[in-house]
Amino acid sequence: MCIRDSSMTTPSAPPPCPHLAAYRHTTRSLRFLRRCLRVRPLGRPEIRREPRELPRCSPCSSPSSSSRLYACLSCAAVFCPTHAASHASASTSGHQIAVDVDRAELFCAACGDQVYDPDFDHAVVLAQSSSLPPPSASASPSPAPRKRRRVEYRAWAPDPAEFALMSSADPTTSASSAAPAGLRGLNNLGNTCFMNSVLQALLHAPPLRNYFLGDRHNRYLCPRQTPMRRRSAEANDKAACLACDLDEIYSAAFSGERTPYSPAKFLYSWWQHASNLASYEQQDAHEFFISILDHIHENIKDDQHKSHAQGHGDCCIAHRVFSGILRSDVTCTHCGFTSTTFEPCVDISLDLDAGYNNSLGVANPKLHVRNGERSSSGTNSKVSTLMRCLERFTRAERLDAEQKFFCERCKERQESLKQMSIRRLPLVSCFHIKRFEHSSVKKMSRKVDHCLQFPFSLDMAPYLSSSILRSRFGNRIFPSEASDADSVSEFSSEFEIFAVITHSGKLEAGHYVTYLRLNNHWYKCDDAWVTRVEEHTVRTSQAYMLFYVQKTLYYKACERATAI
């Protein structure tokens with residue numbers, strides 16, 4: 001596949017060949033060449049010649065089996081591509097245009113390229129149509145058409161035998177267990193399993209899927225795809241619209257076809273945005289996920305002139321679905337002053353740690369009981385769980401001497417405690433597990449192969465800012481927090497898992513696979529291969545990215561799929 005720089009403009013149509021124009025000006029229409037053409041049995045035209053005649057190049061005697069041969073339209077001499085150019089430059093005007101003896105295609109020896117002439121194309125079409133066999137004449141005249149008798153429509157109803165067969169059918173083989181809509185494999189285009197795994201997760205994210213299937217972004221009406229936009233000088237400096245290419249993938253995935261789909265156009269468009277990653281080398285799935293969300297946000301923001309503030313409802317669909325808000329509290333240990341900042345995020349990166357000791361004793365002590373697991377920040381275990389990773393992410397940590405906080409009350413840098421919490425949850429929460437470690441001191445990298453246990457139903461209430469503040473200050477009312485527009489209700493803090501991206505292998509040579517949870521069944525998407533797997537297979541996999549959707553949206557999607 002050819003890689004084109006994003007700064008290049010859209011190529012225009014090539015200019016017409018001047019040698020062909022001069023030849024047509026001095027010669028009659030090329031339709032006279034029809035009598036020089038013949039059609040092979042399979043419909044392929046060629047220059048007419050004797051049955052045993054083998055055309056050869058006049059100077060070098062090269063046969064047509066070794067290279068293409070061209071016959072000059074002025075002198076009928078036959079040349080190979082090399083000597084055809086020499087003949088055109090040494091002869092007078094009119095000897096530049098030749099015809100391929102085996103393919104009946106016009107060729108300009110001076111330009112070194114094929115040329116098109118409507119009269120010659122008409123002659124080829126006439127030769128092909130005249131070679132078709134005439135329709136066979138019937139020996140007896142066909143009888144007069146009879147008027148078809150109308151049949152009254154009657155609805156089908158099963159007889160007792162059919163009803164008994166349907167009642168005793170195995171539910172695992174019934175129509176209800178057919179492959180869900182949108183489940184289609186993606187071809188690997190050369191180390192592109194990282195792209196296929198992320199695309200499978202995006203295709204089945206309920207809010208994002210409803211947006212594209214609801215025609216909220218039509219690739220045929222997108223301002224970046226209209227002819228007027230293409231002709232503008234401003235649009236020539238911009239890369240393709242990733243949202244339009246993603247809309248095309250949604251249409252292909254939910255078209256009902258089961259054959260694997262090749263997302264080559266989407267890959268090329270992403271290369272235009274991320275030219276530093278334009279290669280067939282293995283890339284990181286998490287970096288690809290962040291990259292396409294940012295570029296979709298940039299495309300829609302530029303076209304619709306919407307606000308680019310993440311975490312708010314007036315931004316693009318990518319951030320309306322995946323963007324949340326994190327809260328960071330830095331407390332001075334000398335005077336107790338707290339500085340609070342908020343930052344948007346489209347995912348949460350979690351350290352993979354097989355248990356830890358709570359040396360500070362300020363973490364959230366609330367027990368988290370979910371999906372049969374019971375954990376708290378004060379216990380130590382050798383098994384990594386998603387709840388432990390979230391508790392470690394939201395526990396207070398003491399900043400070292402090199403990261404002293406400048407206290408506005410003390411007017412100097414002091415030792416401090418920093419604690420993260422989630423102020424606003426997104427519709428779809430993405431958790432990135434840090435399995436790749438890079439040490440600048442040891443100058444080495446390694447992959448952490450620890451197993452991670454994760455629940456299918458997740459309650460994010462213990463990790464919200466309201467819960468963290470309540471555990472720190474008690475059940476006191478804070479006016480600023482009580483009137484917070486981003487406060488989360490009890491129902492929106494409950495999530496259901498719908499996609500898991502796993503990484504197997506080593507750091508340098510690994511493979512990404514996506515597990516999708518559709519209609520309470522798990523499906524393994526391994527590039528072009530899609531198979532149904534058991535729940536145990538998903539739980540024992542090396543999770544790299546976990547995708548959770550708010551429970552109300554998950555069950556609405558399941559009900560809609562069951563109704564279909």
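In the list Asp449, Asp486, Asp400, which residue meets the criterion of being of a type outside the set (A, V, I, L, M), surrounded by fewer than 13 Cβ atoms within 10 Å (Cβ to Cβ), within 30 Å of Phe498 (Cα to Cα) and modelled with pLDDT under 90?
Details: Asp486 fails: surrounded by fewer than 13 Cβ atoms within 10 Å (Cβ to Cβ); Asp400 fails: within 30 Å of Phe498 (Cα to Cα).
Sole residue among the options that is of a type outside the set (A, V, I, L, M), surrounded by fewer than 13 Cβ atoms within 10 Å (Cβ to Cβ), within 30 Å of Phe498 (Cα to Cα) and modelled with pLDDT under 90: Asp449.
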Neighbours by Cβ (under 7 Å, 6+ apart or cross-chain): first from the stretch 285-299, farther than 17 Å from Pro344 by Cβ and assigned by the TED database to the domain that holds Cys430; second of a type in the set (S, T, N, Q) and open to solvent by less than 30 Å² (accessible area, probe 1.4 Å): Ala285/Ser197
Which numbered condition trips up Leu199, out of (1) surrounded by fewer than 18 Cβ atoms within 10 Å (Cβ to Cβ); (2) closer than 21 Å to Ile317 by Cα; (3) modelled with pLDDT of 85 or more? (1)
All but one of (1) within 30 Å of Ala509 (Cα to Cα); (2) at pLDDT 85 or above hold for Ile325; state the number of the condition that does not hold. (1)
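Could you please find all residues in the stretch 271-301 being assigned to a helix (DSSP H, G or I) and touching a strand residue (DSSP E or B) at 6+ places or on another chain (Cβ under 8 Å)? Can you show your working first?
From the stretch 271-301, those assigned to a helix (DSSP H, G or I) are 271-273, 275-277, 285-301; that's our starting set.
Within the stretch 271-301, Ala285, His286, Phe289 meet the criteria.
In the set Val125, Val101, which member is in contact with a strand residue (DSSP E or B) (Cβ under 6 Å, 6 or more places away or on another chain) and assigned by the TED database to the domain that holds Phe32?
Working: Val125 fails: in contact with a strand residue (DSSP E or B) (Cβ under 6 Å, 6 or more places away or on another chain).
Matching residue, one of Val125, Val101: Val101.
Listed here are the residues, each with its yes/no results for (1) more than 12 Å from Val101 (Cβ to Cβ); (2) surrounded by fewer than 17 Cβ atoms within 10 Å (Cβ to Cβ).
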position: Arg35; (1), (2): yes, yes
position: Arg38; (1), (2): no, yes
position: Pro45; (1), (2): no, no
position: Arg49; (1), (2): no, yes
position: Glu53; (1), (2): no, yes
position: Pro59; (1), (2): yes, yes
position: Ser67; (1), (2): no, yes
position: Cys80; (1), (2): no, no
position: Ala85; (1), (2): yes, no
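Arg374: modelled with pLDDT under 80, assigned to a strand (DSSP E or B) and not assigned by the TED database to the domain that holds Ile290, yes or no?
Details: modelled with pLDDT under 80: yes; assigned to a strand (DSSP E or B): yes; not assigned by the TED database to the domain that holds Ile290: yes.
It is true that Arg374 is modelled with pLDDT under 80, assigned to a strand (DSSP E or B) and not assigned by the TED database to the domain that holds Ile290.
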Given (1) more than 21 Å from Ser467 (Cβ to Cβ); (2) modelled with pLDDT under 80, identify the lone condition not met by Thr379. (1)
Please work out which residue is modelled with the lowest pLDDT, limiting yourself to the stretch 525-564 and to residues that are within 24 Å of Tyr261 (Cα to Cα) and open to solvent by 60 Å² or more (accessible area, probe 1.4 Å). Ile564
So, Lys506, is that one at pLDDT below 90, within 28 Å of the chain's Cα centre (by Cα), within 28 Å of Tyr280 (Cα to Cα) and not small (Gly, Ala, Ser) or not? yes
Looking at (1) at pLDDT below 85; (2) under 21 Å from Ser466 (Cα atoms); (3) in contact with a strand residue (DSSP E or B) (Cβ under 8 Å, 6 or more places away or on another chain), find the lone condition where Gly361 falls short. (3)
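The values are calculated or read from the model by the stated rules, or taken from the named source; none is laboratory data. Note that the coordinates shown come from a computational prediction; the quantities given were computed from them, not determined experimentally. As a convention, Cβ positions derive from the backbone with ideal geometry for all residues, glycine included, and neighbour counts pool all protein chains shown. In case anyone asks, the SASA skips ligands and DNA or RNA and just uses the protein heavy atoms, side chains included. Shrake-Rupley method; radii C 1.70, N 1.55, O 1.52, S 1.80 Å.
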